[in-house]
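A.B. asks: Have a look at this one before I ask anything.
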Amino acid sequence: MRHGLTPFLLISLAFAAPAQGNARDDSRVALAAGARNLFDGNPRAARIELLNAIKADPENSLAHALQGRIYLALGDGAAAEAELQRAIRNGMNAPALSHLLAHAYLLQGDPDRALETASRTIGPARAQAYAHRIAARAAIALGENDRAASQLDAALAIVPRSSLLWSDIGRFRLLTGNVGGAVEAAQRASMLNPANIEALLLMGQLVRGQYGMLAAIPWFEKALTVDPGNMEAMGQFAATLGEAGQNASMLALTRKMLTLDPDNAQAFYLQAVMAARAGNDSLARSLVYRIRGKMVTVPAMTLLQSVLEMKDGNAEQAIARLEDLSRAQPSNLAVRRLLGLALWQAGDAHSAIAALEPIARRIDADSYTLTLIGRAYEAIDDRAAAAIALDRAAQTRRGEPALFTLSEGRSDRSGDLENAEIAIPRISTMARNGDLGSALNAAERLRDLNSGTPAAHVLVGDVLTMLGRPADAANAYRSAANIQFSESTAMRFIAALQQSGQSAAALKVLELYLSQNPRSVPALRLATDHLMATGQWSRAIDVLDGLRLRLGNRDATILANLGWAWFSEGKTDKALAFAGAAYALAPSNPAVAKGYGLILLRSGKDKARGAALIKKAANTHLAICLHRSRARHIEWYHGSRFARTIDTST
């Protein structure tokens, strides 16, 4: 059952209730039926029975209390509070219901009141344990993780075999980065109660991160087998289906959600994302409007609204949203990229540069960001910085995955290097400053103390990569991937295997990752490299065209590769169309120019222009190499705010 809905606690409530000798028999019968439905995992049916019980005997305090418990199971904090207060007015002991009231306040977004109320709980030990669980959740909402840990420990001392408690422990461990510990807790929760919806959902979430989208689907299916009307399970399942590219199934599930809950915000959001991906912006805006502000604190919703506003010409409105989100999530590259674009569209080149700079300085910066920041530098007449950015954008291949992307926090904080929040930024700073031996020792110690935390293994791999030990780095990334097979870990793992001469193993890792995450853009790009290198032109075209449809016609490399793939398939007209579009986007990219020139030359469409483009590509490549050598010691940004030396080599 969810939310501590156990027969023991219902019995406790019954003892706390005043005598109901004058209650109608049908009220007692309906109450008993509602209790059975609740314990069988069907809170919606239980709610109907309790409505009947209360209608028959409005003064039945136990019926009101149980109905409050049912509303907690349904996630309706306001309705739960109302019913619990009615139970108290009809004679129930208020402190005996404090744990339930605390839960109701938490569901209504008031963690401070939830904490204060949970502390007033009296009665059976299980009620006390319930109160500790709610207090832990409230502390997490307030960002007080140490307090949350102590509350969970207190609950564990009372009910060490509580499936629901182990679910909470699993979520807390996941929140604090201990993915391995979260898996262990979720497995224990499922073992103690195979019908625990929260444990099943947590396992789905963990499997999704560890093995991929498709591997998580059976867990969500199992959760819906236990409780077919569970909205959280349907929402997570639908989101996973969408990310796995199973749009028809996602749409069917969101429609079912709206049948059960016509105002369900998550269902509308998922449908809006689907519409936006299909280019139906009008439908996406209509669906966002129907959410009516219910998801204002959800970052993904902010991104979607911002994209739609920018497409509608309202860049200023998008900027306000994105600036708030960027302050809350400074390491979110997608937010920074979109903010930079919005600022550029609004004509604020200086602010666009400030937003894009953390992405542009990365070795794996994408060509779109580099081009955008280059144009912004041109707008403020900083030709040197613009040239560096645009030269990097013209490179055919991006750099390997950027190292230390987990270390955006302050590196000057004092404290024990066993604390990951302090250790990761400081170890990253050690490595960047050239103290690689100390960085490796500290990273390995952090990993040994936090073996279930994938970030700790990734950190070791990053330092080993800087030390020029790709084979050892691959082993570190393998350990991280065995805990959580995330996109960034997969890309690091593949790069390290390739650098250490293990190309076949790298390809197997790529295939495994794509089999579970078929929409991953970086993985699909790597796949097209392999398909084209091995002459699998038809498959390469399918993948490239899918990327083009998703990302738009603004990526010169995708368009150029499509041009060459179509030419290799004997479709000259299509090849010239794509290659020409790529050249129009990136005329200074030597690979793009050379590819277009070769197609013009070999097809006989324009041999003179083709030869000229091939010559231009050779000269451009030489110029870029010379410029890179000079730029190696040029400060990327002028002034103390952005001063840093950038190595633009790959």
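The values are calculated or read from the model by the stated rules, or taken from the named source; none is laboratory data. What you see is a predicted model, and the numbers here were worked out from it, not measured in a lab. Counting neighbours? That spans all protein chains shown, and the Cβs are built from the backbone with ideal geometry, glycine included. Surface accessibility is based on the protein's heavy atoms, side chains included, excluding ligands, DNA and RNA. Shrake-Rupley method; radii C 1.70, N 1.55, O 1.52, S 1.80 Å.
A.B. asks: Considering only the range 57-79, I want to know if a residue exists there that is of a type in the set (A, V, I, L, M), assigned to a loop (DSSP other than H, G, I, E, B) and touching a residue at least 24 places away in the same chain (Cβ under 8 Å).
C.D. replies: yes
A.B. asks: Okay, next question. What number of residues within the range 133-163 satisfy the criterion of being over 14 Å from Asp112 (Cα atoms), touching a residue at least 12 places away in the same chain (Cβ under 8 Å) and either out of contact with any Leu (no Cβ under 8 Å at 6 or more places or on another chain) or surrounded by 16 or more Cβ atoms within 10 Å (Cβ to Cβ) (or both)?
C.D. replies: 11
A.B. asks: Among the numbered conditions (1) part of a helix (DSSP H, G or I); (2) open to solvent by 40 Å² or more (accessible area, probe 1.4 Å), tell me where Pro330 comes up short.
C.D. replies: Single failed check for Pro330: (1).
A.B. asks: Please go through the range 237-274 and pick out each residue that is of a type outside the set (Gly, Ala, Ser) and touching a residue at least 60 places away in the same chain (Cβ under 8 Å).
C.D. replies: Glu243
A.B. asks: Another question about this same structure. Could you tell me whether the range 347-354 includes any residue that is closer than 22 Å to Ala265 by Cα, free of Cβ contacts under 8 Å to residues at least 12 places away in the same chain and in a helix (DSSP H, G or I)?
C.D. replies: No, every residue in the range 347-354 fails to be closer than 22 Å to Ala265 by Cα, free of Cβ contacts under 8 Å to residues at least 12 places away in the same chain and in a helix (DSSP H, G or I).
A.B. asks: Okay, moving on. Looking only at residues that are open to solvent by 70 Å² or more (accessible area, probe 1.4 Å) and acidic (Asp, Glu) in the range 229-286, which one is nearest to the chain's Cα centre (by Cα)?
C.D. replies: Among residues in the range 229-286 that are open to solvent by 70 Å² or more (accessible area, probe 1.4 Å) and acidic (Asp, Glu), the one nearest to the chain's Cα centre (by Cα) is Glu243.
A.B. asks: With respect to Arg44, determine if the residue is within 27 Å of Pro228 (Cα to Cα), surrounded by fewer than 24 Cβ atoms within 10 Å (Cβ to Cβ) and not aromatic (Phe, Trp, Tyr).
C.D. replies: Considered against the rule, which asks whether it is within 27 Å of Pro228 (Cα to Cα), surrounded by fewer than 24 Cβ atoms within 10 Å (Cβ to Cβ) and not aromatic (Phe, Trp, Tyr), Arg44 comes out as yes.
A.B. asks: Can I ask one more? Specify which of the listed residues (Asp462, Asp542) is at pLDDT 90 or above and buried (at least 24 other Cβ atoms within 10 Å of the Cβ).
C.D. replies: Going through Asp462, Asp542 in turn, the sole match is Asp462.
A.B. asks: Taking Gln205 and the conditions (1) within 23 Å of Thr117 (Cα to Cα); (2) assigned to a helix (DSSP H, G or I); (3) modelled with pLDDT under 95, which numbered condition does it fall short on, given that it satisfies the others?
C.D. replies: That leaves (1) as the condition not met.
A.B. asks: Taking Arg113 as the residue in question, decide whether it is open to solvent by less than 60 Å² (accessible area, probe 1.4 Å), farther than 24 Å from Thr225 by Cβ, charged (D, E, K, R) and modelled with pLDDT of 95 or more.
C.D. replies: no
A.B. asks: Considering only residues that are in contact with a helix residue (DSSP H, G or I) (Cβ under 7 Å, 6 or more places away or on another chain) and within 16 Å of Val592 (Cα to Cα), look in the range 349-399 and name the one that is modelled with the lowest pLDDT.
C.D. replies: Thr396
A.B. asks: With respect to Ile483, is the statement that it is closer than 26 Å to Phe172 by Cβ, crowded, with 19+ Cβ neighbours inside 10 Å and over 22 Å from the mean Cα position of the chain (by Cα) true?
C.D. replies: no
A.B. asks: Residues in the range 155-176 that are under 14 Å from Ala131 (Cβ atoms) and within 23 Å of the chain's Cα centre (by Cα): how many?
C.D. replies: 1
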